[in-house]
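Heads up, the thing below is written out as structure tokens.
The values are calculated or read from the model by the stated rules, or taken from the named source; none is laboratory data. If you're wondering where the values come from, they're calculated on a predicted model, not measured in any experiment. Neighbour counts run over all protein chains shown; Cβ positions are idealised from the backbone, glycine included. These accessible areas exclude ligands, DNA and RNA; they are computed on the full protein's heavy atoms, side chains included. Shrake-Rupley method; radii C 1.70, N 1.55, O 1.52, S 1.80 Å.
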Amino acid sequence: MNKKYEEYRSMMRKIADINYSASLLSWDQEVMMPEKGADMRAQQLATLSGISHEQSTRPELGTLLEELNADNTLSEKEKRDVKRSLKDYTDRKKFTTEFVETLNRCVSEAFQAWQTAKQKSDFSIFAPKLEKLVELKRKECEIIGYKEHPYDALIDQYEPGTTTKFLEGLFADVRKELVDFVKQISVAQQNEDKFMFKHYPKDVQWKYGLDILRNMHFDFEAGRQDISTHPFTTSFSSLDVRVTTRIDENNFNEMLWSCIHEGGHALYEQGLHIDNYGLPTGEAASLGIHESQSRLWENCVGRCLPFWKANYNKLQNIFPENLKNVSLTDFYKAMNKVQPSLIRTNADELTYHSHILIRFEIEKALIEGSIEVKDLPAYWNAKYKEYLGIDVPDDANGVLQDIHWSHGGFGYFATYSLGSFYAAQFYAQAKKDIPGLESELEKGNNLPLLNWLREKIHRYGRFYTAEELCINTTGEKLNFNYFMDYAKKKYEGIYNMKSVHS
């Protein structure tokens, strides 16, 4: 191997060691840390972020990357790694260590304030920390730079190459086609799902969630599951991937869908090659692609009939009192009930995108300064009434429901919709490429699909951009029509709407 490339790889791995150590502290903060540890944890994370930033912006690294970028003897993979790292380096050089430490300290403080505010359902507790955070994110946009809209600078960090303008066009299609389709469903006879809200003991749910993850081929020798306020996936390498879930004893949906969703994220992380640790090819292509993996498993697989033909009998035997009189068809219809709801993470796969649309519009307005933090609860509540016809009862179920802003994750939410749309397109291609895919799912065999995802998506890391990966996998760019075709075929059947489109 090229001596300079080996030197570059060694530098990148050391930076990754620092970053993943910080990630481990963040995981602990949300899962294990005692309440009194908050202030010192904020300091520790700020220190590590500062060290990481200094290492990531060393002049020696920049010089090495410039030299390697001009080296034509490198392999195609090595060239891609260097090119991606050089862009990352150039972006990071725009920030001072002081700014990075200040931002990370503010994020840690904001997270603690958000937790308290959500518990007490009082936005005013979170507001001062959020105001400071929004101010820093606006400053970040100016530091990074942008062509058309300041929000572009934040979106690009999660979904490189995507712009505010592109997302405005995509969500215009959502309003035009998906919202109209949901209105058609709303006048159809609704599915019964009361049995999903009976008492499901926590310990039994927990064990079943672990079974689901094993069924998906999540490697428990390279990962674990825990409980947190907000389900998430984090990785310290492809050999140590953590997922969390939350359990509500009176709402079986909470655990079931968060386990499958986070399991999809985790399979992607476990599918990245350990030899590429610290390098761009050892990281996910984008958050939209990452979300495509969780949404594909949660919705295209987890909410499909073949999957439950393989798994429903076992579920009935585990919860006989709740499900003994519920047929497979009724269970399938219940899990695919379409009904506007307050909480994004509990939303069905169609109205879900109205939740994302609301957040996209709010974030865009916040970053451009057309609304301020103090106006958020009223603005949020008005949007929920406008798009979902719902009255928001309190802050905990409204503006405080998501963790993302407390993490400084502005520009993140749109990737959830992008992921769903990618998922439908990938799944359509998988069905073409794998003869009898859904027959295999019906037998309880998820390996053909996982192997296809490993081959087509996971193994590449950031070698390709999201757009390139989509084209290579499906033959075309992201196309919203795949999602609408999937949605109409599935829900016209569930709601007996064939006559509407005949």
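At a glance:
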quantity: Selection from the stretch 357-379 of residues that are hydrophobic (A, V, I, L, M, F, W, C), part of a helix (DSSP H, G or I) and over 23 Å from S186 (Cα atoms); calculated: F360, I362, A365, L366, I367, V373, L376, A378
quantity: Members of the stretch 279-293 that are out of contact with any Leu (no Cβ under 9 Å at 6 or more places or on another chain) and open to solvent by less than 10 Å² (accessible area, probe 1.4 Å); calculated: L279, P280
quantity: Residue in the stretch 150-161 that is crowded, with 18+ Cβ neighbours inside 10 Å and β-branched (V, I, T) present; calculated: yes
quantity: Test for F463: is it aromatic (F, W, Y) and in a loop (DSSP other than H, G, I, E, B); calculated: yes
quantity: Leading residue by the ranking (farthest from T164 (Cα to Cα)) among those in the stretch 129-143 that are open to solvent by 40 Å² or more (accessible area, probe 1.4 Å) and either of a type in the set (V, I, T) or out of contact with any Lys or Arg (no Cβ under 9 Å at 6 or more places or on another chain) (or both); calculated: K129
quantity: Residue in the stretch 76-86 that is surrounded by 13 or more Cβ atoms within 10 Å (Cβ to Cβ), among the acidic types (D, E), over 25 Å from the mean Cα position of the chain (by Cα) and in a helix (DSSP H, G or I) present; calculated: yes
quantity: Scope the stretch 185-206; condition open to solvent by 50 Å² or more (accessible area, probe 1.4 Å) and in contact (Cβ under 8 Å) with a residue 60 or more places away in the chain; matching residues; calculated: S186, Q189, Q190, E192, K198, H199, V204
quantity: Condition met for L68 (crowded, with 20+ Cβ neighbours inside 10 Å, closer than 21 Å to E98 by Cβ and not polar (S, T, N, Q)); calculated: no
quantity: Residues that are surrounded by fewer than 17 Cβ atoms within 10 Å (Cβ to Cβ) and not in a helix (DSSP H, G or I), drawn from the stretch 325-339; calculated: N325, S327, Q339
quantity: Selection count, the stretch 75-97, where residues are more than 23 Å from A466 (Cα to Cα) and either in contact (Cβ under 8 Å) with a residue 12 or more places away in the chain or of a type in the set (A, V, I, L, M) (or both); calculated: 4
quantity: The stretch 463-487, subset over 15 Å from Y427 (Cα atoms) and touching a residue at least 24 places away in the same chain (Cβ under 8 Å), residue surrounded by the most Cβ atoms within 10 Å (Cβ to Cβ); calculated: A466
quantity: Among (1) within 29 Å of L388 (Cα to Cα); (2) surrounded by 13 or more Cβ atoms within 10 Å (Cβ to Cβ); (3) in contact with a Phe, Trp or Tyr (Cβ under 9 Å, 6 or more places away or on another chain) - the single one H230 does not satisfy; calculated: (3)
quantity: Subset tally (residues that are surrounded by fewer than 16 Cβ atoms within 10 Å (Cβ to Cβ) and closer than 27 Å to A396 by Cα) for the stretch 91-126; calculated: 6
quantity: Which numbered condition D395 fails, given (1) under 28 Å from I362 (Cβ atoms); (2) modelled with pLDDT of 95 or more; (3) touching a Leu at 6+ places or on another chain (Cβ under 9 Å); (4) not in a helix (DSSP H, G or I); calculated: (3)
quantity: Qualifying residue in the stretch 474-489 (condition: among the basic types (K, R), at pLDDT 95 or above and more than 24 Å from Y158 (Cβ to Cβ)); calculated: yes
quantity: Total residues in the stretch 442-462, condition within 24 Å of the chain's Cα centre (by Cα) and in contact (Cβ under 8 Å) with a residue 40 or more places away in the chain; calculated: 12
quantity: Tally of residues being under 28 Å from S108 (Cβ atoms) and open to solvent by 40 Å² or more (accessible area, probe 1.4 Å) across the stretch 379-392; calculated: 1
quantity: Residues of the stretch 33-46 satisfying the condition of being open to solvent by 40 Å² or more (accessible area, probe 1.4 Å) and in contact (Cβ under 8 Å) with a residue 60 or more places away in the chain; calculated: Q43
quantity: Some residue of the stretch 10-29 being basic (K, R) and either buried (at least 16 other Cβ atoms within 10 Å of the Cβ) or in a helix (DSSP H, G or I) (or both); calculated: yes
quantity: Only listed residue being open to solvent by 10 Å² or more (accessible area, probe 1.4 Å), closer than 30 Å to A42 by Cβ and either among the polar types (S, T, N, Q) or over 24 Å from the mean Cα position of the chain (by Cα) (or both), chosen from D395, D375; calculated: D375
quantity: The stretch 326-346: number of residues that are over 22 Å from P306 (Cα atoms), in contact with a Ser or Thr (Cβ under 9 Å, 6 or more places away or on another chain) and of a type outside the set (S, T, Y); calculated: 2
quantity: Test: residue in the stretch 315-324 that is open to solvent by 20 Å² or more (accessible area, probe 1.4 Å), under 30 Å from K488 (Cα atoms) and at pLDDT 95 or above; calculated: yes
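Quick grid of which residues meet (1) in contact (Cβ under 8 Å) with a residue 24 or more places away in the chain; (2) among the small types (G, A, S); (3) in contact with a helix residue (DSSP H, G or I) (Cβ under 9 Å, 6 or more places away or on another chain):
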| position | (1), (2), (3) |
| --- | --- |
| V174 | yes, no, yes |
| K183 | no, no, no |
| I227 | yes, no, yes |
| S238 | yes, yes, yes |
| V243 | yes, no, yes |
| D248 | no, no, yes |
